[in-house]
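What follows is a set of notes on a single structure, which appears directly below.
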Amino acid sequence: MLQTVLLLVAVVQVCHGAACVDSNVQTCLQALEPVARNLNRTAIPGDTTLSVQVNVTFDAEKKDISICCKDYSYPAKTFSLNPLSSDLTLAADTLTTPAVDFKSDGTMMGKYYTLLMVDPDVPFPTYGTDARPLQHWLIINMMDGNITSGHTVNGYRGPRPPNQSPHYYFYLLYEQQSLMDNNTPFKYNGSCSATCLFDVSAFRTENNLTLVGLNWMVSANDAYVNNSYVQSGSRTPKDVCQWTPGYADPCPTSTAAILLSKTVLCILIMSLAAAVINI
């Protein structure tokens with residue numbers, strides 16, 4: 001499925017331009033709708049008609065990580081998500097809560113909105129499925145499309161895909177018909193936690209929510225993800241590094257380190273010999 005979608009994305013890029021951050025909202029949304037429908041995801045109804053452009057911008061800090069016998073460096077950068085791009089988004093660059101804003105040719109004034117972020121590609125069905133994905137962020141009752149005015153049910157948690165398959169992370173914007181009780185979303189969670197197995201379809205239909213905007217990114221396992229699992233104690237280095245070329249336990253000594261140690265040893269032997277001769 002991923003290959004088919006990426007092919008469609010490539011076609012859309014040629015026909016409509018490479019970025020869905022166009023100042024013309026309708027151009028962006030018209031390019032986005034067929035790609036979104038082709039994803040065949042439970043969270044995106046087949047009759048979805050978009051009216052709001054969802055812009056998601058990350059301000060990533062520089063990170064240096066040592067894991068799996070290798071050193072990794074992630075430079076600082078600021079970037080906006082482009083769902084019409086075929087590029088993977090590094091999980092290391094999405095650690096902090098992004099800035100989110102909305103654009104619409106119509107009015108968003110006088111209306112309440114919900115922002116929901118989910119991962120439907122969790123490899124463990126006890127935590128998430130396509131029909132009941134893992135929830136990564138939920139804000140309800142955003143007045144006039146102002147994200148700071150809403151009630152945060154669950155704060156942002158960045159991607160941490162544990163397996164090697166790419167994961168889609170969807171940012172779904174719903175228009176509400178009325179003010180929602182702050183406790184309402186909790187009844188759609190699974191029994192494992194406040195974020196797992198979120199029944200997105202029931203949440204949408206039972207609360208009369210209309211999907212009016214969306215964005216997404218595709219992210220995969222990387223050094224940052226592996227390091228975060230090891231640091232939390234939930235997985236061992238051997239668990240997370242098994243797919244990394246060159247990994248061994250213990251880590252092999254580099255050629256440079258071996259040459260340096262030999263040089264130091266030679267110097268010590270020569271110094272010792274000189275000392276013995278002088279005795």
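The values are calculated or read from the model by the stated rules, or taken from the named source; none is laboratory data. It should be emphasised that the depicted structure is a prediction, and the values quoted were computed from it without experimental measurement. Cβ atoms come from the backbone with ideal geometry, glycine included; neighbour counts cover every protein chain shown. Note: accessible area is taken over every heavy atom of the protein model, side chains too, but ligands, DNA and RNA are not part of it. Shrake-Rupley method; radii C 1.70, N 1.55, O 1.52, S 1.80 Å.
Points worth noting:
- Every pair of residues 6+ apart whose Cβ atoms lie under 6 Å, when the first sits in the range 137-148 and is outside any strand (DSSP E or B) while the second is open to solvent by 10 Å² or more (accessible area, probe 1.4 Å): Asp144/Met108; Asp144/Met109; Gly145/Phe102; Gly145/Met108; Ile147/Val100
- When the range 38-83 is limited to residues that are of a type in the set (A, V, I, L, M, F, W, C), in contact (Cβ under 8 Å) with a residue 24 or more places away in the chain and closer than 25 Å to Asn24 by Cβ, the one that is surrounded by the fewest Cβ atoms within 10 Å (Cβ to Cβ) turns out to be Leu39.
- Within the range 160-177, considering residues that are assigned to a loop (DSSP other than H, G, I, E, B) and at pLDDT 95 or above, the one surrounded by the most Cβ atoms within 10 Å (Cβ to Cβ): Gln176
- Tally, over the range 199-214, of residues that are open to solvent by 50 Å² or more (accessible area, probe 1.4 Å) and either in contact with a strand residue (DSSP E or B) (Cβ under 9 Å, 6 or more places away or on another chain) or outside any helix (DSSP H, G or I) (or both): 2
- The range 221-243: number of residues that are under 19 Å from the mean Cα position of the chain (by Cα) and open to solvent by less than 60 Å² (accessible area, probe 1.4 Å): 11
- Contacts under 7 angstrom Cβ, first residue in the range 178-198 being part of a helix (DSSP H, G or I), partner surrounded by fewer than 19 Cβ atoms within 10 Å (Cβ to Cβ), 6 or more apart: Thr184/Asn207; Phe186/Ala194; Tyr188/Asp199; Tyr188/Ala202
- Residue within the range 122-135 that is more than 22 Å from the chain's Cα centre (by Cα) and either open to solvent by 60 Å² or more (accessible area, probe 1.4 Å) or in contact (Cβ under 8 Å) with a residue 12 or more places away in the chain (or both) present: no
- Failed criterion for Ser86 (all others in (1) surrounded by 18 or more Cβ atoms within 10 Å (Cβ to Cβ); (2) modelled with pLDDT under 95; (3) among the polar types (S, T, N, Q) hold): (1)
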